[in-house]
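Trainee: Sharing a structure below in structure tokens format, with a few things to ask.
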Amino acid sequence: MGGIHTNSDKVKSILKILDELYPDPRCSLDFTDPLQLLVATILSAQCTDERVNLVTPALFGKYPSAKAFAEAPLAQLEQDIRSTGFYHNKAVAIRESSKIIAERFGGQVPRDMETLVGLPGVGRKTANVILGNAFGIPGIAVDTHVSRVSTRLGLTHAKGADKIEQDLKALLDRARWVKFSHQLIQHGRKICTAKKPQCPICPLRPHCDYGMDPANFPAI
């Protein structure tokens, strides 16, 4: 891939450290079935997973199926998810996607990328989250953390989530895709933050283009 500037030894070193730091990463959204994960992932846009997890228990109790979400009065659904932000667009996406799932797929969330991205409010990131975590189908979900950390590490120089996804897939075995996504998300939240990355204490720094660039750490 044209956006990749790395080698297999670097990737192996990064994976080894990530496995030590985050040996058992998982999706931080709470869910018990694919529909719940779809709804939670839509709600997580521009919102923390912690906030979503506060909202979803009551939400899933009130709307236990795709049919229930599809038949929900829009104004009521908006109020139910209001605290997650952008509640109008999210409510529309949830209701319309649920209507399609109920009417075309017997209430069951589709298990393939092409169909999922055809649902309102579902892009490749959301689809990969659902496929990987609800169905065990490998994929790399490129959110802001995955994009930022992989770019700083030098695993991709691509612009745009879709191109970054393809670059990262080319570097890793399929069996690593979902775990790797979760590891980068955790690392992005805990150490490689957007505004003030903690490079001096980062175990990945020796293998990181950003962390080892003197321009980012001028001498005092």
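No lab work stands behind these numbers, since they all come straight from the coordinates. From a predicted model like this one, the values you see are computed outputs, not experimental measurements. So basically every Cβ, Gly included, is an ideal-geometry build from the backbone, and we count neighbours across all protein chains shown.
Trainee: Which ones in the range 76-99 are hydrophobic (A, V, I, L, M, F, W, C) and touching a Pro at 6+ places or on another chain (Cβ under 8 Å)?
Mentor: Scanning the range 76-99 gives 92, 93.
Trainee: I'd like the full set of residues that are closer than 17 Å to residue 133 by Cβ and surrounded by 15 or more Cβ atoms within 10 Å (Cβ to Cβ), limited to the range 173-188.
Mentor: Result: 176, 177, 178, 179, 180, 181, 182, 183, 184, 185, 186.
Trainee: On to the next question. Of all the residues that make up the range 38-67, how many are touching a Gly at 6+ places or on another chain (Cβ under 7 Å) and polar (S, T, N, Q)?
Mentor: Within the range 38-67, residues that are touching a Gly at 6+ places or on another chain (Cβ under 7 Å) and polar (S, T, N, Q) number 2.
Trainee: Out of everything in the range 107-154 that is under 24 Å from residue 68 (Cα atoms) and small (Gly, Ala, Ser), what residue ends up being surrounded by the most Cβ atoms within 10 Å (Cβ to Cβ)?
Mentor: 127
Trainee: Moving on. Do any residues in the range 150-174 that are closer than 13 Å to residue 140 by Cβ and without any contact (Cβ under 8 Å) to a residue 40 or more places away in the chain have Cβ atoms under 7 Å from those of residues that are among the charged types (D, E, K, R) and crowded, with 20+ Cβ neighbours inside 10 Å, where the two are at least six apart or on different chains, and which pairs are they?
Mentor: Close Cβ pairs satisfying both conditions: 161/125.
Trainee: Considering 77, 37, which residue is over 22 Å from residue 124 (Cα atoms), of a type in the set (A, V, I, L, M) and surrounded by 19 or more Cβ atoms within 10 Å (Cβ to Cβ)?
Mentor: Just one listed residue meets the conditions, 77.
Trainee: Just give me the residues in the range 126-178 being within 14 Å of the chain's Cα centre (by Cα) and of a type in the set (S, T, N, Q), in sequence order.
Mentor: 126, 128, 133, 144, 147, 150, listed by residue number.
Trainee: Enumerate the pairs (first residue in the range 33-55 and among the acidic types (Asp, Glu); second residue anywhere and in a loop (DSSP other than H, G, I, E, B)) with beta-carbon separation below 9 Å, excluding pairs fewer than 6 apart on the same chain, so at least 6 apart or on different chains.
Mentor: Close Cβ pairs satisfying both conditions: 33/109; 49/27; 49/28; 49/29; 49/30; 50/28.
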